[in-house]
Amino acid sequence: MKALKLGAIALGILAIPAYAQVNVTIDAAKPGPVINKNVYGQFAEHLGTGIYEGLWVGPQSKIPNTKGWRNDVVGALKELKVPLVRWPGGCFADEYHWRDGIGPRNKRPVKVNTHWGGVAEDNAVGTHEFFDLAEMLGAQTYVNGNLGSGTPQEMAEWLEYMTSDTKSTLAEQRRKNGRAQPFKVDYFGIGNEAWGCGGNMKPEYYAHLYNHYATFLKTPPNARPKMIASGGNDNDTRWTEVLSKEAARGTDGISFHYYTLPTGVWEKKGAATGFDEAEWNSTMAQTLRMESHIKNNVAILDKNDPEKKLGFYVDEWGTWYDVEPGTNPGFLFQRNTIRDAVVAALNFNIFHAHADRVRMTNIAQMVNVLQAMIITDKEKMLLTPTYHAYKMYIPFQDATSLPVAVTNDKPYVSGSSVVPGVSASAARGKDGKLYVALVNTNPRQATDVVLNVPGQAINAVSGQVLTADAMDAHNTFENKQAVKPTPYSARASGGRMSVNLPAKSVMVVAVEG
Ligand code: AHR
């Protein structure tokens, strides 16, 4: 009990009378920065069935496909308006040699994916195939180069192959391989997790290598991708400190990785399903640490880069559970429940609040791996609760963020930790409408939320809500609709606009004045 009280005091939470309603006040008169649509970016790595089977089946497959990419999955991703895809890794990127993935597919070398499961990698998906996918999705591209086991020459030649519009041998080779026009590389990452699988480096050493490699990455002036320095993770802010001083010239952003583990312990992360309420609560607490991670790194960027040239790209995030029993541990397959949708929405709200620096994020990963949007089993496909959360938040892509204050919050208490009960975010959409996103972290209790927009009367709200009865409710191939959003609308009464936020829910509504 003492620990609870201390936790509550530390969070600045005062005793709230039981009858008080949570208030969400939106300052529509003070527009903040635009929420870059790339905050809703995705990550597809050569890992498990994330690409092969999940997305790519090959042109000869009986599974309906376009240029080898399965139509059902691509169709669902198009509806999600995926703004950007990062490829080919991850840890895989620092083992990937791009020449293995061009030319006739039956002549490409078969390698071993030593990082993920030790399986054969036949390089059927390479540069041309990746851009086919991105172009089908209408998504921007984030290509991650190999700094760990490659050379500056190999990296420079890949960029030339993709972007050159000259008659150089590499550009001609690209044309011979079927692509007359250069590919559009929007972002280019120089290495990945240099502190770990990318080479076990110190930030100072990586900063030297980054500058060395970046020197040789030449493109036509109008085709220069935004360059990304691979940064730190979790509590480690040294990478942002060093890179923002030593590797900032010509750099667009510094990346950062943070995964949500229910227990916070890598050796026993916690299960994707069948968990108890204490683990629901600890998952909320762990994921909300994203806010302090961002604040700590942004404080360093504000000191070293006051002109805000550098973005802070959370290019890997999401839940990471113990691998599903009976599956290849190297494939990182896990189930995806209503808890994942709540985690996703909490993170979206955090990203919106830091939209001036957080200009891109990539959830790990798009299909079948970690916190996926889509799960497949051969020809079958299902949409996860995380997919639905992404879809509900589409109005926030390129919307203008608005300041939001949550008062009278009823903290959610379970086990020894306390987390805020309601998380909120608001923005003016590109369609001119005012959108509000609300999340209830409490898995047992619904809560009433009063919405206020000073200076503006609210008559009604309408949108969607995503919730479920069980904490681990999820979609299966037998019941694909178990967890799906339902319409929600409410009208103001007596000058008050109150919405009922169900337990463990995500709601996105448009406000009607
Ligand atoms: O997303 C899975 C892996 O997690 C990525 O390959 C790596 O960058 C991170 O450690």
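The values are calculated or read from the model by the stated rules, or taken from the named source; none is laboratory data. Bear in mind that the values here come from a model prediction, so they are computed numbers and not experimental data. We place every Cβ from the backbone using ideal geometry, glycine too, and count neighbours over all the protein chains shown. When the accessible area is computed, the model is the full protein with side chains, heavy atoms only, and any ligands, DNA or RNA have been set aside. Shrake-Rupley method; radii C 1.70, N 1.55, O 1.52, S 1.80 Å.
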When DSSP beta bridges are limited to those with both residues in the chain, what percentage is antiparallel, rounded to the nearest 5? 60 percent
Out of V465, P104, G455, whose Cα points farthest toward the positive end of the dipole of the chain (charges: +1 Lys, Arg; -1 Asp, Glu; placed on Cβ)? G455
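State the percent of C-alpha pairs, over all pairs in the range 243-296, separated by a distance greater than 18 angstrom.
Result for the distance tail: 48 percent.
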Would you list which lysines come within 30 Å of K176, measuring only between C-alpha atoms, while excluding same-chain residues fewer than 8 positions from it? K62, K67, K78, K107, K111, K167, K184, K218, K226
Excluding residues fewer than 8 places away in the same chain, name every one of the aspartates and glutamates whose C-alpha is closer than 14 Å to that of K308. D252, D356
Cross-link partners among lysines for K410, C-alpha distance below 21 Å, same-chain residues fewer than 8 apart left out? K2, K5, K504
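Could you work out the mean projected area of the convex hull around the alpha carbons of the range 394-513, in square nanometres to one decimal? Don't skip to the answer; put the middle values down first.
Values: hull surface 35.2 nm².
Quarter of the Cα hull surface area: 8.8 nm².
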To the nearest Å, what is the center-to-center distance of the range 278-314 and the range 223-256, using C-alpha atoms only? 14 Å
Sticking to Cα atoms, compute the Rg of the range 172-320 to one decimal and its Dmax as the biggest Cα-Cα distance, whole number, in Å. 18.5, 59
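Cα convex hull of the range 421-484: mean projected area in nm², to one decimal? Don't skip to the end; give the middle numbers.
On the way: hull surface 24.8 nm².
Mean shadow area of the hull around the Cα atoms is 6.2 nm².
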With a 1.4 Å probe and all protein chains kept in place, how much accessible area does R105 have, in Å² rounded to the nearest 10? 100 Å²
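Please identify every one of the trypsin sites (Lys or Arg not before Pro) in the range 61-103 that sits in a loop by DSSP and has no more than 14 other beta carbons within 10 Å of its own beta carbon. All intermediate terms of the calculation are to be shown ahead of the outcome.
Details: sites: K62, K67, R70, K78, K81, R86, R99; in loops: K62, K67, K81.
Counting only loop positions with at most 14 other Cβ atoms within 10 Å, the trypsin sites (Lys or Arg not before Pro) in the range 61-103 are K62, K67.
How many percent of all Cα-Cα pairs in the range 83-175 sit more than 22 Å apart?
On the way: 1202 of 4278 pairs.
Cα-Cα pairs in the range 83-175 separated by more than 22 Å: 28 percent.
Under a Cβ-only charge scheme (Lys and Arg +1, Asp and Glu -1), can you give me the dipole magnitude of the range 206-302 about the Cα centre, in debye to the nearest 20?
Values: 10 positive and 11 negative charges, 124 e Å.
It works out to roughly 600 debye.
Say R0 is 25 Å: what FRET efficiency, to the nearest 0.05, do W266 and K309 get from their beta-carbon distance?
Working: r = 34 Å, r/R0 = 1.37.
My answer for the efficiency is 0.15.
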For the range 92-114 and the range 381-459, what is the centre-to-centre distance using only Cα atoms, to the nearest Å? 43 Å
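With the Cα gyration tensor of the chain in hand, convert its eigenvalues to equivalent ellipsoid semi-axes via √(5λ) and list them largest first in whole Å. Write down the numbers at each step before the final one.
Numbers: eigenvalues 298, 126, 101 Å².
Taking √(5λ) for each Cα gyration eigenvalue gives 39, 25, 22 Å.
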